[in-house]
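See below for the structure under consideration.
The values are calculated or read from the model by the stated rules, or taken from the named source; none is laboratory data. All of these numbers come straight from a predicted model, not from anything done at the bench. We place every Cβ from the backbone using ideal geometry, glycine too, and count neighbours over all the protein chains shown.
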């Protein structure tokens, strides 16, 4: 039976996933996932409970985190920044600069959400629809266990019957009413994660539907050139395996990582919509890069 490694999962406790930590680890055990990382957005609050649950379920665990970075690369987009995601692993969860910055990001998220709701209210008033009240804001906040983001507002708009689904919420309101995230530069993200003893990886660089280098160019060669010219001093690796990376992408990024001496990672980016945990074929040597000996996996399975 092949080993299963998933180093990109989001929880409802600390991010925008649909499953809580208990459900994630129950599902991971059922799916025979050997190595797992919960990589919540701008939050490390779920790392200690994740480590305890991993021990309980006999799953190897790697501390994770996903940071959103504002990145520009001339001559693309007239040097205007785009949004990119980076994954941090194996950092010290008690590192003060990292903890303080994540607190700052979380507080900004809440202020940003209020500003977005104010803009949505302007649109609703134009349509002669009932506007959001303070009670609505409180209800949305109560639904948020982790980092407050636009998906939580979208879910509430569906529940209220304003839109029929999340996509419609984004298409009609949330894209138009967006407020910029707090800018975090790649150099600062790198300094935070590495300063806490961790490793930083660019996430899903060729994801056509997400925050990725596709916003600059769909050319794999040009994407690799961007990483070579602007990112190598700041990153330790690349997320090669992702549900929306085709085989050409995986191979191109793998070759590049070998040439540049970079680590490689992979995962499902599972938000449990649907549950795709453990479905991305990540090779066992990915875990070995993090100091996890794969020879114990089969023994662990047989003992549980």
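Quick notes on this structure:
- Test: residue in region 216-227 that is closer than 24 Å to residue 91 by Cα and in contact (Cβ under 8 Å) with a residue 24 or more places away in the chain: yes
- Failed criterion for residue 137 (all others in (1) buried (at least 18 other Cβ atoms within 10 Å of the Cβ); (2) at pLDDT below 90; (3) in a helix (DSSP H, G or I) hold): (1)
- Every residue from region 195-216 that is assigned to a loop (DSSP other than H, G, I, E, B) and either in contact with a helix residue (DSSP H, G or I) (Cβ under 6 Å, 6 or more places away or on another chain) or not assigned by TED's automatic domain parsing to the domain that holds residue 92 (or both): 196, 205, 206, 208, 216
- Test: residue in region 242-256 that is within 17 Å of residue 282 (Cβ to Cβ), in contact with a strand residue (DSSP E or B) (Cβ under 7 Å, 6 or more places away or on another chain) and in a loop (DSSP other than H, G, I, E, B): yes
- Annotation note: of 34, 92, 78, 40, the sole residue that is assigned by TED's automatic domain parsing to the domain that holds residue 226 and under 20 Å from residue 234 (Cβ atoms) is 92.
- With respect to (1) in a loop (DSSP other than H, G, I, E, B); (2) over 30 Å from residue 265 (Cβ atoms), the lone exception for residue 181 is condition (2).
- Any hit, region 152-174, residues being assigned to a loop (DSSP other than H, G, I, E, B), within 22 Å of the chain's Cα centre (by Cα) and at pLDDT below 85: no
- Condition check for residue 238: surrounded by fewer than 21 Cβ atoms within 10 Å (Cβ to Cβ), in contact with a helix residue (DSSP H, G or I) (Cβ under 7 Å, 6 or more places away or on another chain), within 24 Å of residue 198 (Cβ to Cβ) and modelled with pLDDT of 95 or more: no
- Total residues in region 113-129, condition closer than 18 Å to residue 158 by Cβ and at pLDDT below 90: 1
- Residue check, residue 166 in contact with a helix residue (DSSP H, G or I) (Cβ under 8 Å, 6 or more places away or on another chain) and within 26 Å of residue 103 (Cα to Cα): no
- Test: residue 189 is closer than 17 Å to residue 12 by Cα and assigned to a helix (DSSP H, G or I): no
- Whichever residue in region 268-304 is at positive phi and crowded, with 16+ Cβ neighbours inside 10 Å and, among such residues, is modelled with the lowest pLDDT: 272
- Taken together, the residues in region 32-56 that are crowded, with 18+ Cβ neighbours inside 10 Å, touching a residue at least 60 places away in the same chain (Cβ under 8 Å) and over 15 Å from the mean Cα position of the chain (by Cα) amount to 3.
- Out of 276, 227, one residue alone is over 20 Å from residue 63 (Cβ atoms), touching a strand residue (DSSP E or B) at 6+ places or on another chain (Cβ under 9 Å) and assigned to a helix (DSSP H, G or I). It is 227.
- Test: residue in region 12-31 that is touching a helix residue (DSSP H, G or I) at 6+ places or on another chain (Cβ under 7 Å) and either farther than 29 Å from residue 150 by Cα or free of Cβ contacts under 8 Å to residues at least 24 places away in the same chain (or both): yes
- Consider region 175-206 and keep the residues that are farther than 26 Å from residue 103 by Cα and modelled with pLDDT of 95 or more. The one that is surrounded by the most Cβ atoms within 10 Å (Cβ to Cβ) is 205.
- Some residue of region 119-136 being over 23 Å from residue 14 (Cβ atoms) and either touching a strand residue (DSSP E or B) at 6+ places or on another chain (Cβ under 7 Å) or touching a residue at least 60 places away in the same chain (Cβ under 8 Å) (or both): yes
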